[in-house]
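The values are calculated or read from the model by the stated rules, or taken from the named source; none is laboratory data. No experiment lies behind these values; they were computed from the predicted model shown. Neighbour counts run over all protein chains shown; Cβ positions are idealised from the backbone, glycine included.
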């Protein structure tokens, strides 16, 4: 795509790259709901992870036998594999509404439901056992993680844990060293929140102008030409919720409700005309609530949908650009982990999900999820090269090295409406930097 | 009373494939029987089958159809009491060794929870997850007329 140049002789052409979308595992078209319960997805998760952990156990502790929960004997040291359940005192329960005591329920819900008395329980299809010992910290783990534990059962019926084995980073596809001679960037942005009080349309317009190359500075034009792909990771619109009262809406209100999407469509049209763009649904977007969120309907984007560079994607989203594997979500999985466990930074949560090989371990316990019967699509089977999470409070990134030479760049994308920051990832060396936009009127 | 005991055995031996519904014809040999033994002779394959088809009691149907019977009141009572005993054993209707094998498949913990899935789907899931489920089950489910839903479907 040649950009319009007025003064300089050099024309900048946008770099090209190969793109493959890998969202098939997150799509729900073929599934049919037959009244099944969530036990099916937990079974699929346990079975697949257990097969994996059984293969890793011999190299971890070769001399110990592996047994089921029901096969535990007192004093016998062994390895058990199962799903963790964290019993949390402060976790909101629907039955609290019906409790006889009717004690004072706080009007303001705490942001984090942890409590020092939280305990962990390991469960497999034969039974469950309470976990003790100090090797396993309830603050780090959440319900739904499948681990292997080394320990022994006490006379009290508790399983004292001596060591924990997590699945670890999955195998990664080889990234050919320096296969790219030039810098190519993928731009990640999230939390545009068009239509909200805090978003400034001028800020997003600046971003669009930067991407499409409508800038005066030659150097910036060069930067813009190096962007090969744009991903919008969720929460692109915010609807005026006060209009949704449950009553019939006046036609004037109906058109007001639709304004943010129309504005988004106009902007996406401008971007799609110049570069390939993926849009993912987020918590506030007009998509389904339960993960995996299905792609936003093409009818919402009448202007952008005809472009073949425009792609509406699922959340979580997985794709390949020039053989670099990207995997990302709009943030719901990490926000949920933040509510039920603690860490020093959000990147710790992101790294933990990668080491547990599961994008959203709290689904379906506290995170809405579709009741799959035969698979768990959130299991991470191949290690991505870039793992991004959208709608976070601030920008952060980390390079994680795996035991088998895997290299992953973890990125927390901040909310654009609050920070004006978009993240650019260099495909050549997996480095990333921010591009920030600021308007001071 | 010995005659009614023989009736019970006859009932239990009925397989599902023999159930033809309410309409049935008697065999010619039963016509020459005296009324006292009408109950035993009349209990050929077709008539009890009418009573136990899918757990529903079709006494009225059989009374209407069996015009050639010389029903005395006691015989009618025998048949009704047999049918009532059968109704308590709802599960036994058409419960044969094929269904028994499928129920064992349902209850097998290794293949995961059975509620909410058809048996065929559960078998295919077991196959995909590498559990090597017995091929006999697949053959039964796909080629023969057996219950496709699991044991607890609609009950829990």
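A few points about this structure:
- Residue within the stretch A:371-378 that is part of a helix (DSSP H, G or I), touching a strand residue (DSSP E or B) at 6+ places or on another chain (Cβ under 7 Å), touching a residue at least 60 places away in the same chain (Cβ under 8 Å) and buried (at least 21 other Cβ atoms within 10 Å of the Cβ) present: no
- Failed criterion for residue A:90 (all others in (1) free of Cβ contacts under 8 Å to residues at least 40 places away in the same chain; (2) within 13 Å of chain B (Cβ to nearest Cβ); (3) closer than 26 Å to residue A:340 by Cβ; (4) part of a loop (DSSP other than H, G, I, E, B) hold): (2)
- Selection within the stretch A:17-37 - surrounded by 11 or more Cβ atoms within 10 Å (Cβ to Cβ), more than 14 Å from chain B (Cβ to nearest Cβ) and in a loop (DSSP other than H, G, I, E, B): A:17, A:22, A:27, A:28
- The condition of being more than 25 Å from residue A:376 (Cβ to Cβ), more than 14 Å from chain B (Cβ to nearest Cβ) and touching a strand residue (DSSP E or B) at 6+ places or on another chain (Cβ under 8 Å) holds for only one of A:157, A:144, that being A:157.
- Enumeration of residues in the stretch A:408-435 that are in a strand (DSSP E or B) and without any contact (Cβ under 8 Å) to a residue 24 or more places away in the chain: A:433
- If the condition is being in a loop (DSSP other than H, G, I, E, B) and surrounded by fewer than 20 Cβ atoms within 10 Å (Cβ to Cβ), then the stretch A:197-237 contributes A:197, A:198, A:200, A:214, A:215, A:216, A:217, A:226.
- Filter pass, residue A:42 being facing chain B (nearest Cβ under 10 Å) and either touching a residue at least 12 places away in the same chain (Cβ under 8 Å) or under 20 Å from residue A:144 (Cα atoms) (or both): yes
- Unmet criterion (only one of (1) touching a residue at least 12 places away in the same chain (Cβ under 8 Å); (2) assigned to a helix (DSSP H, G or I); (3) more than 9 Å from chain A (Cβ to nearest Cβ); (4) under 19 Å from residue A:39 (Cα atoms)) for residue B:137: (4)
- The residue that is surrounded by the fewest Cβ atoms within 10 Å (Cβ to Cβ), among those in the stretch B:117-132 that are outside any helix (DSSP H, G or I) and facing chain A (nearest Cβ under 10 Å), is B:130.
- Within the set A:187, A:169, A:180, the sole residue that is surrounded by 23 or more Cβ atoms within 10 Å (Cβ to Cβ) and more than 17 Å from residue A:85 (Cα to Cα) turns out to be A:187.
- Where residue A:331 falls short, out of the listed (1) under 15 Å from the mean Cα position of the chain (by Cα); (2) on the phi < 0 side of the Ramachandran plot: (2)
- Number of positions in the stretch A:47-65 that are within 9 Å of another protein chain (Cβ to nearest Cβ) and in contact (Cβ under 8 Å) with a residue 40 or more places away in the chain: 1
- Elements of the type strands (runs of 3 or more DSSP E) sitting completely within the stretch A:283-360 and holding at least 3 residues that are under 29 Å from residue A:53 (Cβ atoms): these cover A:317-321, A:324-329.
- Just one of (1) touching a strand residue (DSSP E or B) at 6+ places or on another chain (Cβ under 9 Å); (2) within 24 Å of residue A:151 (Cα to Cα); (3) exposed (fewer than 14 other Cβ atoms within 10 Å of the Cβ); (4) within 14 Å of another protein chain (Cβ to nearest Cβ) fails for residue A:68. It is (3).
- A single member of A:365, A:323 is surrounded by fewer than 22 Cβ atoms within 10 Å (Cβ to Cβ) and more than 24 Å from residue A:277 (Cα to Cα), and it is A:365.
Per-residue answers, yes or no, for (1) under 20 Å from residue A:38 (Cα atoms); (2) within 14 Å of another protein chain (Cβ to nearest Cβ); (3) assigned to a helix (DSSP H, G or I):
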| residue | (1), (2), (3) |
| --- | --- |
| B:95 | no, no, no |
| B:103 | no, no, yes |
| B:110 | yes, yes, yes |
| B:115 | yes, yes, no |
| B:152 | yes, yes, no |
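- Selection of first residues in the stretch A:1-24 that are closer than 18 Å to residue A:181 by Cα and of second residues that are surrounded by 11 or more Cβ atoms within 10 Å (Cβ to Cβ) and modelled with pLDDT under 85, restricted to Cβ pairs under 8 Å at least 6 apart or on distinct chains, gives the following pairs, ordered by first then second residue: A:12/A:3; A:12/A:5; A:13/A:1; A:13/A:3; A:14/A:1; A:14/A:3.
- Among the residues of the stretch A:388-407, those identified as more than 15 Å from residue A:230 (Cα to Cα) and in a strand (DSSP E or B) are A:391, A:392, A:396, A:397, A:398, A:399, A:400, A:401, A:407.
- Residues of the stretch A:108-123 that are buried (at least 20 other Cβ atoms within 10 Å of the Cβ) and either assigned to a loop (DSSP other than H, G, I, E, B) or in contact with a helix residue (DSSP H, G or I) (Cβ under 9 Å, 6 or more places away or on another chain) (or both): A:122 alone.
- Here A:432, A:383 are screened, and the one residue that is touching a strand residue (DSSP E or B) at 6+ places or on another chain (Cβ under 8 Å), surrounded by fewer than 23 Cβ atoms within 10 Å (Cβ to Cβ) and within 22 Å of residue A:141 (Cα to Cα) is A:383.
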